[in-house]
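The values are calculated or read from the model by the stated rules, or taken from the named source; none is laboratory data. Computed from a predicted model, the values in this text were never measured in an experiment. Positions of Cβ are generated from backbone atoms using ideal geometry, with glycine treated the same way; all protein chains shown enter the neighbour counts. Ligands, DNA and RNA are excluded from the accessible area calculation, which covers all protein heavy atoms including side chains. Shrake-Rupley method; radii C 1.70, N 1.55, O 1.52, S 1.80 Å.
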Amino acid sequence: MLNKKTVEDLELNGKKVLVRVDFNVPMTKTEPYKVTDNKRIVSSLKTINYLLEKGATVVLMSHLGRPKGEANKKYSLEPVCKELEKLLNREVKFLDSDLVIDDIIKEKIKNLENNSIALLQNTRFRKEEEKNDENFAKDLAEGFDYYVNDAFGTSHRAHASNVGVSKYLDSAIGFLIEKEIGIMGKALEDPERPFLAILGGAKVSDKISVIESLLEKVDSIIIGGAMAFTFLKSKGYEVGKSLVEEDKIGVAKDILKKAEEKKC
């Protein structure tokens, strides 16, 4: 069922590995900023520990929040780095740059001690991240032997730090994604009926392809999160000041029509 290469297929000893993790965690609203729920960081530990145990030098990257392509202390990953240090009980170097990756950071990556671990600054400090900019992806990939994606929650987005870098490095998935693919694969291939899918999130635009794919497979879909308001508005409901993607109201109408046609 799973044909994708995993971390267990890689020869890791003495290699530099770039890892996309999902450290988009809840934080305190005011300084000093601290992680208030470390579940997503904990979920990444199995892959991180495996890479380190096999002798790799690990550099992690993640986004945090929506800084809109600009450096913003509120969305710095420095507090995440401190939380990760506590969980691993070892030093995690924080490679801090408003540009995420530049010549100074590249030099620091080049000079990392063997079998050490570091974390880059928030990838969304650069507008090129969400545009899947080729040059930004190439800069991120420079100097590494492998790329490992273990950020299941962001894998549907074609950004520079996941899709982009995979063009330049031999790539594999981590244990978290392997687990989620296994669960989803089984559910989609041989589901028990009735089959219900529950989707959340802020933006319909992030989930269009997922919803359209699920319409072919499930009996019912529950739309939750902020994106529910775009669907509600498309049906003529008043939603007050709730978050709505005005340019996706037509898309929501089309999805609801398709669902009706497929009796979903």
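Remarks
- In the chain, helical runs assigned H by DSSP with n ≥ 4 each contribute -39500 (n - 2.57); averaged across all residues and rounded to the nearest 500, the mean residue ellipticity at 222 nm is -9500 deg cm²/dmol.
- Placing unit charges on each Cβ (+1 for Lys and Arg, -1 for Asp and Glu) gives the chain a dipole about its Cα centre, and among Leu188, Pro32, Ile105 the Cα reaching farthest toward its positive end belongs to Pro32.
- Rounded accessible area per residue of the range 1-146, 1.4 Å, Å²: 53
- Amide N of the range 156-180 lying under 20 Å from the label point, which is placed 7 angstrom from the Cα of Ser213 along Cα→Cβ: 156-167, 171-180
- Of Ala141, Ala158, Ala197, the residue with the greatest mean-square motion in the GNM of the chain, using alpha carbon springs below 10 Å, is Ala197.
- The translational diffusion coefficient of the range 1-49, from Stokes-Einstein at 20 °C and 1.002 mPa s with a Kirkwood hydrodynamic radius over alpha carbon pairs, comes to 158 µm²/s.
- The antiparallel fraction among DSSP beta bridges confined to the chain stands at about 5%.
- Size descriptors for the range 51-207, from the alpha-carbon set: Rg then Dmax equal 17.0, 55 Å.
- For the range 149-264, size of Cβ-based charge dipole, Lys and Arg +1, Asp and Glu -1, in debye: 340
- Reach of Lys86 by Cα under 16 Å, taken over aspartates and glutamates that are not fewer than 8 positions away in the same chain: Asp37, Glu78
- In degrees, nearest ten, helix 249-261 long axis to first principal axis of the chain (Cα): 60
- Positive-end ranking of Leu18, Asn72, Leu60 along the dipole of the range 1-73, with charges on Cβ about the Cα centre, is headed by Asn72.
- Evaluated with a Cβ-only charge set (Lys, Arg +1; Asp, Glu -1), the chain carries a dipole of roughly 660 debye about its Cα centre, given to the nearest 20.
- Apolar share of the accessible surface for the range 9-152: 41 percent from carbon plus sulfur atoms, 1.4 Å probe.
- For the range 155-218, the Rg and Dmax computed from alpha carbons only, in angstrom: 14.2, 43
- Sequence ranges 203-211, 104-112, 144-152, ranked by mean other-Cβ count within 10 angstrom, highest first: 144-152, 203-211, 104-112
- Using a cut-off of 23 Å between Cα atoms, the listed pairs Lys82/Lys179; Lys29/Lys241; Lys68/Lys233; Lys34/Lys54; Lys110/Lys167; Lys217/Lys258 include Lys82/Lys179; Lys68/Lys233; Lys34/Lys54 as exceeding that distance.
- The chain: relative contact order as a whole-number percent, Cα under 8 Å and 6+ apart: 18
- Convex hull volume per residue, computed on the Cα atoms of the range 149-264, equals 122 Å³.
- Mean projected area in nm² (Cα convex hull; one quarter of hull surface) for the range 1-131: 8.9
- Volume of the Cα convex hull of the range 24-91, divided per residue and given in Å³: 95
- Rounded to the nearest 10 degrees, the inclination of helix 39-53 to the longest alpha-carbon principal axis of the chain is 40 degrees.
- Per residue, the accessible area of the range 175-264 comes to 63 Å², computed with a 1.4 Å probe over protein heavy atoms only.
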